[in-house]
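Asker: Sending over a structure as structure tokens; questions will come in a sec.
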Amino acid sequence: MLKVGLTGGIASGKSAVGEMFVALGAHLVQADRIAHELMLPGQPVYNEVVRHFGGAILNPDLSVNRAKLAEAAFGSSPSGAEGEPSTPSATSSRIQELNRIVHPGVLRSQNEWMEEMRRQDPHAIAIVEAALILEAGAAKSFDRLIVVTCSDEQRIARFAARQKLDLDAARKEVERRMAAQMPDAEKIKAADYIIDNSGSLEQTREQVGLVWEELRVLVDSSWK
């Protein structure tokens, strides 16, 4: 089995690329979906997140409001006055705090999923889609790493459409979140394959197809 990491910055199109690989026969799990499940009420991660970030991040049904959690982590400082913008150091500290709570469980679930895929299909290509593979030091868990990129303007436009924001608000939010991630240039240096998602979906699909052919060769050669 081949273990593949699929990563990229915010709104780069990782999920769209992941779906293209699935259409070709890959198995895929999303770290974001794992994190969502770990933060369901009653889960240990949920309890820790609420303890560290407070009840203000919860919906009336006690589920985590992910927008409010993002604001708590990326936005206002825990010690600042209401509405006071966070300092870079305070924001970094809060993001690291959230990552320390969530990442271990996500990484454990990813590894368990990959082992299950190995048992089910030793010839499988198992892809983990995650924004912070490199930031979390998890790249060593994979045989190959794919990085998805796009232009900054496309990133902002896609985020605006997804979150139903105007472009100015989307730009500020994207810049704020990207400040907590490794720059694309650094991710590209670590990549085995780069998929430029700046063009049409068809152009992206062509790149995915070429990468898929190489991944299949790697899997097949490992069994010869």
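The values are calculated or read from the model by the stated rules, or taken from the named source; none is laboratory data. What you are looking at is a predicted structure, and each value in this text was computed from that prediction instead of being measured. For neighbour counting, all protein chains shown are included, and Cβ atoms are generated from backbone atoms with ideal geometry for every residue, glycine included.
Asker: For region 155-197: of the residues being buried (at least 16 other Cβ atoms within 10 Å of the Cβ) and among the polar types (S, T, N, Q), which is nearest to Gly9 (Cα to Cα)?
Answerer: The residue in question is Gln181.
Asker: In addition: Please verify whether region 200-210 includes one or more residues that are more than 18 Å from the chain's Cα centre (by Cα), among the acidic types (Asp, Glu) and closer than 20 Å to Met20 by Cβ.
Answerer: Yes - at least one qualifying residue is present in region 200-210.
Asker: From the list Leu58, Leu62, Leu69, pick out the single residue that is of a type outside the set (S, T, N, Q), within 19 Å of Glu135 (Cβ to Cβ) and either modelled with pLDDT of 95 or more or buried (at least 18 other Cβ atoms within 10 Å of the Cβ) (or both).
Answerer: Leu69
Asker: Something else: Return the pairs, sorted by first residue and then second, in which the second residue is basic (Lys, Arg), the first residue lies in region 132-153 and is in contact (Cβ under 8 Å) with a residue 24 or more places away in the chain, the beta carbons are less than 7 Å apart, and the residues are 6+ apart or on different chains.
Answerer: If the second residue must be basic (Lys, Arg), the pairs left are Leu134/Lys187; Ser141/Lys3; Phe142/Lys3; Asp143/Lys3; Val147/Lys187; Val148/Lys14.
For every residue, the table says whether it meets (1) under 15 Å from the mean Cα position of the chain (by Cα); (2) surrounded by fewer than 16 Cβ atoms within 10 Å (Cβ to Cβ).
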{"site": "Gln110", "(1), (2)": "yes, no"}
{"site": "Ala126", "(1), (2)": "no, no"}
{"site": "Leu132", "(1), (2)": "yes, no"}
{"site": "Ala138", "(1), (2)": "yes, no"}
{"site": "Leu145", "(1), (2)": "yes, no"}
{"site": "Glu153", "(1), (2)": "no, yes"}
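Asker: Also, I was wondering about something else. Within region 94-108, can you find the residues that are buried (at least 16 other Cβ atoms within 10 Å of the Cβ) and either at pLDDT below 60 or closer than 20 Å to Glu173 by Cα (or both)?
Answerer: Selection gives Arg94, Ile95, Glu97, Leu98, Asn99.
Asker: Right, here's the next one. Give me the residue from region 171-224 that is hydroxyl-bearing (Ser, Thr, Tyr) and in contact (Cβ under 8 Å) with a residue 24 or more places away in the chain and, out of that set, nearest to Leu145 (Cα to Cα).
Answerer: This residue is Tyr193.
So that you can scan it fast, the table gives a plain yes or no per residue for (1) small (Gly, Ala, Ser); (2) farther than 22 Å from Arg119 by Cβ; (3) in a helix (DSSP H, G or I):
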residue: Thr7; (1), (2), (3): no, yes, no
residue: Ala11; (1), (2), (3): yes, yes, no
residue: Glu19; (1), (2), (3): no, yes, yes
residue: Ala23; (1), (2), (3): yes, yes, yes
residue: Gly42; (1), (2), (3): yes, yes, no
residue: Arg51; (1), (2), (3): no, yes, yes
residue: Leu69; (1), (2), (3): no, yes, yes
